[in-house]
Structures are given as C-alpha cells and as structure tokens.
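Engineer: There's a structure below that I have some questions on.
The values are calculated or read from the model by the stated rules, or taken from the named source; none is laboratory data. As the structure is a computational prediction, the values presented were derived from the model and not from experiment. Quick reminder, even Gly has a Cβ in these numbers, built from the backbone with ideal geometry, and neighbours come from all protein chains shown. Accessible surface is based on the protein model in full, side chains and every heavy atom, while ligands, DNA and RNA are left aside. Shrake-Rupley method; radii C 1.70, N 1.55, O 1.52, S 1.80 Å.
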Amino acid sequence: MSKNASSSLLVDKYFYTHQFPTMWCPGCGNGTVAMATVRGIDRLGLDIDKVIHVAGIGCSSVAHWYTTFTALQSAHGRALPSATGIKLANPELTVVVTMGDGDCIAIGGNHLIHACRRNIDLTAVVYNNFNYGMTGGQVGPTTPLESLTSTTLYGNIEPPVDICKVAEAAGATYVARGAIYYIKELIDLIEKGVRHKGFSLIEVMTPCPTVFGKRNALGSAAHMWKAQKEFTIPVKKARDLTPDQLKGKWPRGVLVDKDLPEFTEEYAKLMARAQKGRAGK
Amino acid sequence: MEHKGKVTLMQGNEACAEGAIAAGVRFFAGYPITPSNEIANVMARRLPQVGGKFIQMEDEIGSLAAAIGAALTGAKAMDATSGPGFSLKMENLGLACMIEVPLVLINVQRVGPSIGMATSPAQADVMQSRYGSHGDYATIVLSPSSVQEMFDLTVRAVDLSERFRVPAILLADQVIGHMRQNVRLPAYEDVKTAYRREPDVPPEQFHPYRGDAKGVPPMAKFGTPYHWYANSSAHNEDSFQATSDFVVSKALIERLTNKIEKNRQEIVEVRGEFLDDADIVVLAYGCTAIAARGAVLRAREGGIKAGYLRPLVLWPFPEAEVKAVSGKAKAIIVPEMNMGQYVHPVREAACGGKAEVFSLGRPGEVFSSSEILQKIMEVKSVV
Ligand SMILES: Cc1ncc(C[n+]2csc(CCOP(=O)(O)OP(=O)(O)O)c2C)c(N)n1
Ligand code: SF4
C-alpha cells in the first residue's frame, strides 16, 4: 500500500474486525503501537503470507488477536526463542515479535540477551508501560524508582533497567526508541527495524492509564500521552545534554544502526562448508 | 547417506540421532546436559550436511521453544535433554500440546531429584513425561530397551508425532543412551514416516483447530496463504480466543486428550513372551526390561511359569494388554528404577482381573536378573 494508506484500507487488509472491540482499556497506548507496527510493515510492500507475528503474554502481546498475520502466541517470555526457531528454519520469513517490558526483559530477559548476541534477523517491538498491565499493575523491571504499584505499595526501591542499553550491550544491530505521541516517527522507526538485516529492537513508550497512571496520579489518559513530550527528547538533542540535564528524559530515535553478519546468513555459509567438506572426503 | 543397510556398532545416543536423520528430522535445538549430550553432538555434525538446522540455545526452555517455532514452519524438529532440563521443558511441552505442534523430545533419564546424579541411570520421569505440565493434555511416550530401539523408536516417535500432531517423547535412560551394540541400519531412503496432514481446502475454508474423525486437525505451514494463529490460550476451531467460554474450552481439552487416548490401539506397542501359560508376569520397560527378560528365562529354566510383558509405548497406557494378562496370570511384578511409578496404572488396569500386582521399585543401581528372579520366587510363595 502507499506510504500513507488510509486507515480504513489498512484495517480491512490487516485486521479481523469481527474480533473488535479490542480488549485494551480506553486511553491505552497499545492499539496505537499495533497500528504503527502494521503501517511500518505495510510500507515495505512485503508478501504478507510471509510475515509472521510472534507474541508473548501480556496486554501488549494481544495485537495478533486482531491482525490477519499468521501468528504464534507463545508462553510468557518465550516469544524470542520461538521466533528464533521460525527464522532459522525458514529464513525467507519476516518475523516480527511483540512483547511487554516484563515479558521482554524480566521473564524473557535471558532470551533477549541471546537473540541480540546472535544478531538473528528478527524485529522486536517492546511495549514499555512501566508496569505489568495484564496482571493488575505490579512492579516490573522498567518501573521508575519510588513508583507505586500493586506490589510496591510503599514505593519502588529497585532501580529500573534501560532496555535499549541492554540490547545494545548484548549486540543488537538496530536499536531504537519511540513514543506513541510521535506516531509518524514511530512508524518510521518500526519500518527501519523490519527492513534492517539483523536483530532489531524498538522500545515504545506507551501509557497504561488504567493501572500505572491511576496509582501514580499521572492524570488522564490524554495527559499521559502528552507527558511524553516532557520525558522524551530526540536523540540528536540528547547528545548535546550533560548527564545531569538528561536525568528523567528518554532519548527518542535510532540509537544503534550497524551492519554486522546476520545469524541465518552465517548458518547458510556454515551449511555450505559442511557439505563441501563432505564432498571433498 | 553413508549407512546404507548395514550393521554398525553404535552408541544408543548416536543411534537416536541417526534415527532422527533417517526419519527426516531437519531441525534440532538443544542445551548441553549429561547423559544426553551425544545426541546434540551428532546432530550438530549431521544436520548441516543434510541441509538441516542445528542451534544450541541459551537454556532448555529456549531450545524447546525454538523447536516449536521450526515445526510450525514445516520442519520435523527435535530436542534432547535429561533430568533438570526435562523439568524446564514442561512449560513448552504443554504449549506444544495446546497448539498441536508435532515434534520429538528425547529424555535420557538420570538420577534425580534436582541435579541428582548426572551419569547414573534412572526411570523416575515416567509420570512426569505423562503429567508433568499443568492442565489436561496427552502425549505419546516411547521407551527403548536397546541401541537398535534408540534408532527404531526415534523413527516411530517422529511418525506418531506427525500423525497425531502432538509432541512425542522418547523416554530413554543413561544405560540405553550410553550402551554400545550392533545396530542394523536401514537405507535411509527406505525409512518412511508420516508428515502432518496439510489442508486440502482453500484458505478461507481452513479451520486450523477442527479435528478430523480421529480428532487431529490439518496443519498449514507458517508462511503460506493459510493464515492461522497457533494459540496458547483456550481457542475455538478457528483459533480465536475462547478464554471465557467453557463449552469451547471443554471441547478443546477433550479433543487434545482423546485424539491420543481414543486412538491408543494405533499407538500402543508391547512385546510379550511366555504369556499363554504364565502365572507370574514381569512387566518392565527401558533398561530394566533387559534384566527382567533374563530373570524370566531363568525362572522358566527352573520350572516356574513366568512370563514377560514389555511396553515399548508407555503412554498412552497399554490398558487392554495389561487387562489381558491380569485376566489369566496370578501375579504381575513391575520392576522399575524409581520408588514405584508405572506400577500404579498397571495396578489400576489389572484391577478386576485375577492378578495381584507387586512393585519392585527402587532407585540406585541397574537391576540384575538375579534380583528380579528373587522377587519372582518370593511372589511365587505367596500367590
Ligand atoms: C509463566 C507465567 N508467569 C506469569 C504469568 C502471568 N502474567 C501474564 S501477563 C504478565 C506480565 C505482563 O506484563 P508485561 O509483560 O510488562 O506486559 P503488559 O501486560 O504490561 O503489556 C504476567 C506476569 C504467565 N502468564 N505465565
Ligand atoms: S491495563 Fe494498562 S496496558 Fe493493559 S489494556 Fe489497560 S491501559 Fe492498557
């Protein structure tokens, strides 16, 4: 479809409308991330039979209930290793993985590190809402210090983790951060991620007004969306700021973009070597 | 293929890996653990040679998850582990049953619980292999007693998993996995195994979770015009969520269980000897079956009417076969290298027949035929 296909055309092509309304709360950012993901994929003009969606478990991991992509809903935290099996078994497929922050870096944290390290050509879209939405708003690995959640009633004392920094350190070759308030930029970031050969991770800041917002008195859903203007800044601007000035602000945009050997391509070479060695004997 | 219809000295784990190659397995994901390592080692060498994929994952959860992903794309996939690793498999074993993915999982049993004894054999994962994951489901579990059977039953596991769209478990043990014996290898091109039934209707008429007469749905490869959704939540025939619909979830759970339990006559396989006139039948599986058969032969030499029954498929349980024995014999003895596990379904099936069921369950060293013979004598004096 064209670069900016109308929403109704996209909905007809990519969504099972008979499954609407979605399970997301009013004001939840997840639907916007799902739509941005569909738009990013649509722009690439891929054969949609060959696009596979793999999801973990959580409020974020339900877009596939509504989209027409062939999909696997795996277990909580296990989306990446299943996606790895899909991609390695059939490298022709484009594999897009959606996870919540808890799914990705708490229970699935070990798998994340190793998917990054292998640089296997998957695109992970991580919905970061700073808490465990589906189970009623518990603390998660990205919950800010002092925040209130249903399991940190006296304030969170565990410092949060930066998913993008972990991905970069572990070897991901495309790392980006987007926010739903900046929807056009988000679509671009996802499109680039899917296009990138190698492991891509796009962290998306998305508000959970129902549990995290309410408990921490962050205001209405609209207010939470707009607040992304305050606590995110473009990567380029961030570069000119001192660490002190950067406190409490999340850089938005492409954080890492490099070209390194991709796992399934290296595997193809390994297979050729194994078969040559054999014929030579 | 180099092993064309010849007899070769092989280790059990090697025979298992070769059986997988012969059966068309083209994807293996694993994580190192004794005493199963040789299976992964052979697969790492062999799969790239035959155009297959091998990956060592970051843990056992990841490796079964990867095998599931590969199987969804159409590959015959396998994973091998032991004890602590088998426990980690339980999450994705249940998932594979739920989304109905054919694959083969090998467990070369070692002594537990926990880390236990890495290099010593046990048969204490028999119940875990059937009931280890949460919720109701059914798997197929095979038990090899020789190196030849490590090859043959791996082939059969692949075949059954594909026919019933279910994970099949080869429940081996350290003795059989590490033993060396002569194996007769068929020409691999002569090894025939099933491949999952694919949809034969246009995509818009495809119901990914509508079972056929046997309860097995057709399966489309990921990446084809058949868009579908392998759903780990309770789902309807079209794979959409049914997480608050008891009618739909009940039908699903019944089908998942019954496609195995109700077709058990196609799956179950037992070997019996001297059963016609046997008073005392020794029922044994895996490495213990070797000593059990020896004990029965020695008992016969001594004039005792002993018989031997060996299930090659542990689950689904060979109910009719055990009932037939309990209808005639006076006693059934179940020796097993655990504190008494398989004896329980045997007792349940034998109930109503004539035979009393005796457990000879203990962890520790491999059974000797003398130990089992002694139990036969003991039982003879009380029945
Ligand atoms: C093994 C396992 N543990 C726990 C759960 C319960 N559970 C479901 S979703 C979830 C966390 C969701 O948080 P996150 O991944 O951040 O996604 P969100 O719902 O916030 O989008 C948990 C703990 C589960 N389904 N499986
Ligand atoms: S609980 Fe939060 S994350 Fe989940 S749907 Fe509601 S607003 Fe969204």
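Engineer: So which residues in the range B:85-102 are more than 11 Å from chain A (Cβ to nearest Cβ) and either crowded, with 21+ Cβ neighbours inside 10 Å or away from ligand 1 (no atom under 13 Å from the Cβ) (or both), if there are any at all?
Structural biologist: B:85, B:86, B:87, B:89, B:97, B:100, B:102
Engineer: On to the next question. Given the conditions (1) polar (S, T, N, Q); (2) open to solvent by less than 40 Å² (accessible area, probe 1.4 Å); (3) farther than 23 Å from residue B:131 by Cβ, which single one is not true for residue B:381?
Structural biologist: For residue B:381, the exception is condition (2).
Engineer: Does residue A:185 qualify as being more than 21 Å from the chain's Cα centre (by Cα) and acidic (Asp, Glu)?
Structural biologist: Against the criterion (more than 21 Å from the chain's Cα centre (by Cα) and acidic (Asp, Glu)), residue A:185 does not qualify.
Engineer: With the requirement that a residue be of a type in the set (S, T, N, Q) and at the interface with another protein chain (Cβ under 7 Å from one of its Cβ atoms), what does the range B:26-68 give you?
Structural biologist: Result: B:49, single match.
Engineer: Taking the options A:202, A:180, name whichever one is away from ligand 2 (no atom under 16 Å from the Cβ) and closer than 15 Å to residue A:32 by Cα.
Structural biologist: Every option except A:202 fails the conditions.
Engineer: Going by what's in this entry, would residue A:97 be described as β-branched (Val, Ile, Thr), more than 9 Å from every other protein chain (Cβ to nearest Cβ) and in contact (Cβ under 8 Å) with a residue 24 or more places away in the chain?
Structural biologist: Answer is yes for this residue.
Engineer: Checking the conditions here, which among B:17, B:44 is crowded, with 21+ Cβ neighbours inside 10 Å and at pLDDT 95 or above?
Structural biologist: Going through B:17, B:44 in turn, just one is crowded, with 21+ Cβ neighbours inside 10 Å and at pLDDT 95 or above: B:17.
Engineer: Yes or no: the range A:86-94 includes at least one residue that is within 16 Å of ligand 1 (Cβ to nearest atom) and either modelled with pLDDT under 95 or hydrophobic (A, V, I, L, M, F, W, C) (or both).
Structural biologist: no
Engineer: Turning to a different aspect of this structure: Answer yes if at least one residue in the range A:135-144 is open to solvent by 50 Å² or more (accessible area, probe 1.4 Å), within 15 Å of ligand 1 (Cβ to nearest atom), out of contact with any Pro (no Cβ under 9 Å at 6 or more places or on another chain) and modelled with pLDDT of 95 or more, and no otherwise.
Structural biologist: Checked the range A:135-144: at least one residue is open to solvent by 50 Å² or more (accessible area, probe 1.4 Å), within 15 Å of ligand 1 (Cβ to nearest atom), out of contact with any Pro (no Cβ under 9 Å at 6 or more places or on another chain) and modelled with pLDDT of 95 or more.
Engineer: Okay, moving on. Here's a check for you: in the range A:58-79, which residue that is within 16 Å of ligand 1 (Cβ to nearest atom) and facing another protein chain (nearest Cβ under 8 Å) is farthest from residue B:219 (Cα to Cα)?
Structural biologist: Residue satisfying both the conditions and the ranking: A:78.
Engineer: Separate question: Taking the range A:47-57 as the region of interest, how many residues are more than 7 Å from chain B (Cβ to nearest Cβ) and touching a strand residue (DSSP E or B) at 6+ places or on another chain (Cβ under 6 Å)?
Structural biologist: Here the count works out to 5.
Engineer: Among residues belonging to the range A:100-134 that are aliphatic (A, V, I, L, M) and within 13 Å of chain B (Cβ to nearest Cβ), point out the one that is most open to solvent (accessible area, probe 1.4 Å).
Structural biologist: Going through the qualifying residues, I end up with A:134.
Engineer: Now for a separate question. So, in the range A:32-48, of the ones that are open to solvent by 30 Å² or more (accessible area, probe 1.4 Å) and within 16 Å of ligand 2 (Cβ to nearest atom), which residue ends up nearest to residue A:128 (Cα to Cα)?
Structural biologist: Of everything passing the filter in the range A:32-48, A:32 is nearest to residue A:128 (Cα to Cα).
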